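Only the coordinates and a few stated rules stand behind these numbers; no lab work does. On a predicted model such as this, the values are computed, not experimentally measured, just so you know. Positions of Cβ are generated from backbone atoms using ideal geometry, with glycine treated the same way; all protein chains shown enter the neighbour counts.
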Amino acid sequence: MRFVPALTLSLTVAATSLTSALAMDGESPLERAALATSVDTSPRVQAARAEADVIEQQHRQRRAEGGWRAFGALSGAAVNEIEGNNGNRRYDRLQGDIGVSRPLLGSMTAQRETLLTLERQRLRAEGRIGQVAEAVGKELRDAYATYWISDRRYRLASTWHQRLSDRLEGLRPQVGTTLRASEFAEARSALRIARENRRQARNDRLMQLNTLRALLGEDISAFDPRWPAESGICRRERVLLQAALAADPIGDSARRELALLLNRGDSGLADEVQSDLVLTHTQTVEDWDENGDETSIGLTAEIPLSLSRARNARRDLRNAEVLQVQRRIEANRQALRGRIGVAMAALRNTTQAREAADAHLDQARDDWNEEQRRLQSGLTRSPMPALRAAIRWYQIADERLDREAEWLIARAPLERIETPGCQAPRPEAMEPAREEIPTS
């Protein structure tokens, strides 16, 4: 008697439905947005923030040291004064000095330049914090996407392995009649492949979980990944570039640094004069019975002999610093433009590959339906053509997950860019992927 399989043949479920149906014991749903809240506390971001804090403290220290400064000194001596007629005068002396000083002219300029240098370093450090946070966020998106794909691949392989195993048990009595032994061995080989795919997907899932743990510095338990709810991505490259430039932490810090340099004013001849005002009071005690004191005011100045050359050199240095930051801003702009162009091209390519994989999957399902119809109608006695079509359907569904992963990773650089004013059509939002599993 020929075995005709009962048809609940196609399982076409959204990823969210499959997740709830096949959720592993002890795993709670966890969306990517929930993990993203930990980016600011990740070890790499914290390390970058610690570097910025050190520079901030250096800036505060140098700022506190500026302006008026107090000083004091205490000295003691045994004096032997040689006087006329071979006479010597010996006595002990104790002297104390106190006073205040203030930098003037070029000395004040040097202090301001030191503070400006530290402020520029602080701004760059802040930009690096944002850059590191963006990099961690991008890696988080990639790792979560790969985790999601590995989870789906594991569930797909597990469901297919179970259904194929049950199917082979029903076909075993037909070996030697409508099913050759070599054909049955071929089906068992497909079962072993499904088992290996399941094992590999589980390992990949654990590997990506460890990647997430290392990125965020948290002991994250295995979780049930949920498809992230995202809107479409703007297709207008100019709008994307403007939005990316406005949100770019490196570009923002460079623009603030440029504003600092432009607002400091031009250098003058007085900037080359290193000068200090000093007020001093001295108290002297000699032989413990003779006291004296002195109050003085002094002005020191150091001027380079080639004053005009020094002034021109300082002005050239300031212009070079401004040009350096301007060039850095432009280089960053062009690099960002290139990254967006590459990301948009990658998204287009992966979207097309994803759509082609969908069509391929639809064709595989139609081929299986046709073979199943022929088997039920008696046009084909052997169940092997339908079984081969089912195996091919699973293989194509598994391969389609690779296209899904490529599409997810290609989206990552563009998803973070907010373009609420974009009027152009957007690619499809991140709707759950289809997963189809034949049962024959």
To the nearest 20 Debye, how big is the dipole of region 190-327 about its Cα centre, given +1 on the beta carbon of each Lys and Arg and -1 on that of each Asp and Glu? 2600
Unit charges on C-beta of K, R, D, E only; dipole of region 319-368, Debye: 520
Does anyone have the angle between helix 181-216 and the longest principal axis of the chain? Alpha-carbon axes, 0 to 90°, nearest 10? 20
Can you give me the P(r) profile for region 222-365? Cα pairs, bins 5 angstrom wide beginning at 0, each as a whole percent. 2, 7, 9, 8, 8, 8, 8, 7, 6, 6, 5, 5, 4, 4, 3, 3, 2, 2, 1, 1, 1, 0, 0
So how tilted is helix 43-64 from the main axis of the chain? Cα-based, degrees 0 to 90, rounded to 10. 20
Go through L347, T280, A364 and say which Cα lies farthest out towards the positive end of the charge dipole of region 238-372; charges sit on Cβ, +1 for Lys and Arg, -1 for Asp and Glu. A364
What does a probe at E218 reach in region 26-47, counting residues whose amide N is under 17 Å from the point 7 Å along Cα→Cβ? 27-47
Using only the Cα atoms of region 333-410, what are the Rg and Dmax in Å? 18.9, 67
Beyond 23 Å, what percent of the Cα pairs of region 96-215 remain? 64
Want the number for Q363 to R180: 0.36 nm per residue separation, take away the alpha-carbon distance, what's left? 63.2 nm
Can you list the equivalent-ellipsoid semi-axes of region 176-227, largest first and in whole Å, using the square root of 5 times each Cα gyration tensor eigenvalue? 40, 10, 6
Relative contact order of the chain, defined on C-alpha pairs under 8 angstrom at six or more residues apart (%): 27
Taking the Cα centre of each part, how many Å lie between region 91-112 and region 231-250? 55
Compute the helix-to-body angle for 384-415: its Cα long axis versus the longest principal axis of the chain, expressed 0 to 90° and rounded to tens. 20
S75 versus R333: modelled label distance in nm, points set 7 Å from Cα along the beta carbon direction: 6.0
Test of the criteria: in region 389-419, which GluC sites (Glu not before Pro) are in a DSSP loop and have at most 15 other Cβ atoms within 10 angstrom of their Cβ? E418
What do you get for chymotrypsin sites (Phe, Trp or Tyr not before Pro) in region 48-130 restricted to DSSP loop and a cutoff of at most 12 other Cβ within 10 Å of the site's Cβ? W68
Rg and Dmax of region 74-151, Cα atoms only, in Å: 33.1, 107
Computed from the beta carbon distance with a Förster radius of 60 Å, FRET efficiency for A345 and N319 to the nearest 0.05 stands at 0.95
Once you have the Kirkwood Rh of region 154-287 from its Cα pairs, apply Stokes-Einstein at 20 °C and 1.002 mPa s and quote D in µm²/s. 89
Rounded to whole angstrom, the alpha-carbon centroid of region 157-208 lies from that of region 297-363 at a distance of 55
Which whole number of Å³ per residue matches the convex hull of the alpha-carbon atoms in region 101-145? 42
Dipole of the chain (Lys/Arg Cβ +1, Asp/Glu Cβ -1, origin at the Cα centre): which of W148, Q324, A313 lies farthest to the positive side? W148
Quote the charge dipole size of the chain about the Cα centre in Debye, to the nearest 20; the model charges only the Cβ of Lys and Arg (+1) and of Asp and Glu (-1). 2740
Distribution output for region 289-338: share of Cα-Cα pairs per 10 Å bin in percent, first bin at 0, values 18, 20, 17, 15, 13, 8, 5, 2, 0
Based on the Cα gyration tensor of the chain, what are the three equivalent ellipsoid semi-axes, each the root of five times an eigenvalue, rounded to whole Å and given largest first? 81, 26, 15
Taking only DSSP H segments of four or more residues, each worth -39500 (n - 2.57), what value at 222 nm results for the chain once the sum is divided by all its residues, to the nearest 500 deg cm²/dmol? -21500 deg cm²/dmol
Once you have the Cα-Cα distance between Y91 and R381, take 0.36 nm times their residue separation minus that, and quote the gain in nm to one decimal. 91.5 nm
Over region 17-148: Kirkwood hydrodynamic radius from C-alpha pairwise inverse distances, Å: 21.6
